[in-house]
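The numbers here are math on the coordinates, done by the rules we state, and not lab data. Please read these numbers as outputs of a predicted model, since none were measured by experiment. With ideal geometry, Cβ positions are generated from the backbone for all residues, glycine too; neighbour counts draw on all protein chains shown.
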Amino acid sequence: MAAGVRAFVFTSTTSAFGRALAPPPGAPAAWINEDVVPVPRNVYGVTKVAAEDLCELFHRSYGLPCLILRTSRFFPEPDDRRETRERYADLNAKANEFLYRRADLEDIVSAHLLALDQAPTLGFGRFIISATTPFTREDLAELRTNAPAVVARRVPRYQVVYAARDWTMFPGIDRVYVNERARRELGWRPKYDFARILEMVETGGTVSSPLAQAVGSKGYHAAVFADGPYPVD
């Protein structure tokens, strides 16, 4: 405040939820909104949650408007899991993720711009920034065991688009990121959801916005890791 800073926006991550994202065997998929308590599973998650807490402390102690954006996946690098990389084409896997755990870079940018604008009014808040899911809470049990059936029911067009490219849906989905609060309180209107991705695949064969394509991959580390583009443990 003394330095003339009117607001602060912290880019956090849905990875901060950690073990809360992995329901036990036999349980429905997890419905992840801002009320879910993080259970960090690695140093990355621990440091992100700590930084979020510092933002809240500075807001409460000094009145600095601070908004936290917990962003889902938007990186263009290959999937961090070897099994996914081996079983699915890269664009196939990314398209699947727009149902429940991915956002496009253009939408990530628009969320940050809105957060800067709204922070002085809102004061403090945490927001999940992920593509709008077509799923509801009623889908969670079946999503865990038969995701293709749920997707066919919610977005029937996907079967035609996927069949034309020999793509497949994940057999099960274990969590769903919910962006309702960001849409309601920030006024965020993400452009890219699974239905939009299907249209893009049909017309241009891509699953990313022109902005995301222009930015491309910037790389995570100078080192090369055996099991993915970055360390996950």
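With a sphere of radius 14 Å drawn around the Cβ of THR203, what net charge do the other residues whose Cβ falls strictly inside it have (Lys, Arg +1; Asp, Glu -1)? All intermediate terms of the calculation are to be shown ahead of the outcome.
Values: positive: ARG157, ARG165, ARG196; negative: GLU199, GLU202.
Once positives and negatives cancel, what remains is +1.
Kindly provide the helix-only [θ] at 222 nm of the chain, computed as the sum of -39,500 (n - 2.57) over DSSP H runs of four or more divided by all residues, to the nearest 500 deg cm²/dmol?
Details: 9 runs with 91 residues, N = 233.
The per-residue figure over the chain is -11500 deg cm²/dmol.
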Going residue by residue through region 34-43, the Karplus relation 6.51 cos²θ - 1.76 cosθ + 1.60 with θ = phi - 60° gives ³J(HN,Hα) values, rounded to whole Hz and with x marking Gly or Pro, of 6, 7, 6, 7, x, 10, x, 10, 7, 4
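Net charge near ARG157: determine it from the other residues with C-beta under 14 Å of the C-beta of ARG157, scoring Lys and Arg +1 and Asp and Glu -1.
Working: positive: ARG153, ARG154, ARG165, ARG196; negative: ASP193, GLU199, GLU202.
Here the count lands on +1.
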Descending packing, highest mean Cβ count within 10 Å first, for 111-119, 126-134, 48-56 is 126-134, 111-119, 48-56
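So what is the relative contact order for the chain, in percent, with contacts set as C-alpha pairs under 8 Å and at least six apart? Write down the numbers at each step before the final one.
Numbers: 378 pairs, mean separation 63.5, N = 233.
Computed over the chain, the figure is 27 percent.
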In percent, how large is the relative contact order of region 1-55, given Cα pairs closer than 8 Å and 6 or more residues apart?
-> 40
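Say R0 is 30 Å: what FRET efficiency, to the nearest 0.05, do ARG6 and ALA214 get from their beta-carbon distance? All intermediate terms of the calculation are to be shown ahead of the outcome.
Values: r = 30 Å, r/R0 = 0.99.
In this case the efficiency is close to 0.50.
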Environment charge of CYS55, counting only residues whose C-beta is closer than 13 Å and scoring Lys/Arg +1, Asp/Glu -1 | +1
If you take the Cα Rg of region 8-214 and divide it by 2.2 N^0.38 Å, with N the number of residues, what do you get?
-> 1.04
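What is the packing order of peptides 182-189, 78-85, taking the mean over residues of other C-beta atoms within 10 Å and listing the highest first? Present the calculation step by step, with values, prior to reporting the outcome.
Details: 182-189: 16.5, 78-85: 14.8.
Sorting 182-189, 78-85 by mean packing, highest first, produces 182-189, 78-85.
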Length released on extending from ARG165 to ALA51, taking residue separation times 0.36 nm less the Cα-Cα span = 36.8 nm
With viscosity set to 0.890 mPa s and temperature to 25 °C, compute the Stokes-Einstein D of region 1-110, Rh being the Kirkwood radius across alpha carbon pairs; µm²/s, no decimals.
-> 153
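For region 25-129, what is the relative contact order in percent, using Cα pairs closer than 8 Å and at least 6 residues apart in sequence?
Working: 77 pairs, mean separation 41.8, N = 105.
Relative contact order comes out at 40 percent.
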